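Working notes for the structure below.
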Amino acid sequence: MPGAARARSAALTESGRRECIPRRARSLSAQRFVSCEECAPMKVEIYSDIACPWCYIGKRRFDRALAAFEGAADVEVVYRPYQLVPDAPTEPSPHRAWLEERYGPQSRAMDDRVAAIGKQEGIDYDFDAALHVNTIHGHRLLWLAEHEYGPTVQTELKERLLAAHFSDGVDVADFAALTEIAVAAGLDRTRVETFLPSDEGRAETERELEQARQIGVSAVPTFVFEGQYAVQGAQETETFLSALRQVAQLKS
């Protein structure tokens, strides 16, 4: 990677954390854009999981940054799937029990820290009610929302899925529950009721999960700007706002 390109990429990350998407990812994602870069909106692809508490915090902070960004009308935000626990069961179990089994007694302190930070972002985590369950069907719904309803509806669905999982103790693998969440976000009830029991969108969602691995996404949330510049983690709002402004300047 040429020195100038490395510097531009690193400038979008938190101080001291020089992360960037590998070269192979840049050439892969670049195929999605039209040839006239000045005419195209800035594209931000957010890799995250419905069962990732830091993804919820990252979303709230990015949303605030986007609201403060002068060129927000020319930004297209798309949520891409990632599964922290791809082999999670389809039958739910208590989040607390699963986390303690995985991380030991310190797991409650981990949850408490996330909950305290989340409260500052207006998120009411209820880890006692939260369930450990597979998120593939929620990601399929997000794929449907993007392709048939557009980024605005997809973003609303993402917010509602996160709230259902972390604040309301909803089983986000249950088709009836997912249907109500999707309808509240603006999706058609009949379409969702037909979609969920089918295999529609599964292959496409799995391809996007594989693509995340191919471009080097190994932790979430990861925010990829224009298929080239990555910001990893639930950074502060000011960091996301700076990234938006820098990428806009690079596009101009």
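Name the shape class, rounded, prolate or oblate, that the alpha-carbon gyration tensor gives for the range 178-218, where a ≥ b ≥ c are the square roots of its eigenvalues, rounded holds for a/c under 1.5, and otherwise prolate holds if a/b is larger than b/c and oblate otherwise. Could the numbers behind the result be given before it?
Numbers: a/c = 4.31, a/b = 2.15, b/c = 2.01.
Cα axes put the range 178-218 in the prolate bin.
What accessible area, in Å² to the nearest ten, does a 1.4 Å probe give for E200?
Rounded to the nearest 10, the figure is 70 Å².
At 1.4 Å probe size, put K119, K251 in order of accessible surface, largest to smallest. Working shown, then result.
Details: K119 130, K251 35 Å².
Solvent-accessible surface, decreasing: K119, K251.
Rolling a 1.4 Å sphere over the protein heavy atoms, what is the accessible area per residue of the range 139-252, to the nearest Å²? Walk me through the numbers on the way to the answer.
Values: 4570 Å² over 114 residues.
Spelled out: the 1.4 Å probe surface of the range 139-252, per residue, equals 40 Å².
Taking a cut-off of 21 Å between Cα atoms, list the lysines near K119, but don't count ones fewer than 8 places away on the same chain.
Answer for K119, where 21 Å is the Cα cut-off: K59, K158, listed by chain and number.
Using modelled backbone amide H atoms (1.01 Å from N, in-plane), which distant-in-sequence or interchain residues come within less than 5 Å of L131's amide H?
H95
Considering only protein heavy atoms, with the full assembly of protein chains and a 1.4 angstrom probe, order D126, D112 by accessible area, largest first.
On the way: D126 60, D112 85 Å².
Solvent-accessible surface, decreasing: D112, D126.
Name the long-range amide H neighbours of A234: under 5 Å, sequence gap of 5 or more, or other chain; modelled H, no Pro or chain starts.
none
With a cut-off of 8 Å between alpha carbons and a minimum separation of six or more residues, what is the relative contact order of the range 101-169 in percent?
On the way: 39 pairs, mean separation 26.8, N = 69.
Relative contact order, the range 101-169: 39 percent.
Would you list, by chain and number, the aspartates and glutamates whose Cα falls below 14 Å from the Cα of K43, excluding same-chain residues fewer than 8 positions away?
Straight-distance partners of K43: D74, E76, E146, E226.
The values are calculated or read from the model by the stated rules, or taken from the named source; none is laboratory data. Just so you know, these numbers come straight off a predicted model, no measurement behind them. Heads up: the accessible areas ignore ligands, DNA and RNA and are worked out on the full protein's heavy atoms, side chains in. Shrake-Rupley method; radii C 1.70, N 1.55, O 1.52, S 1.80 Å.
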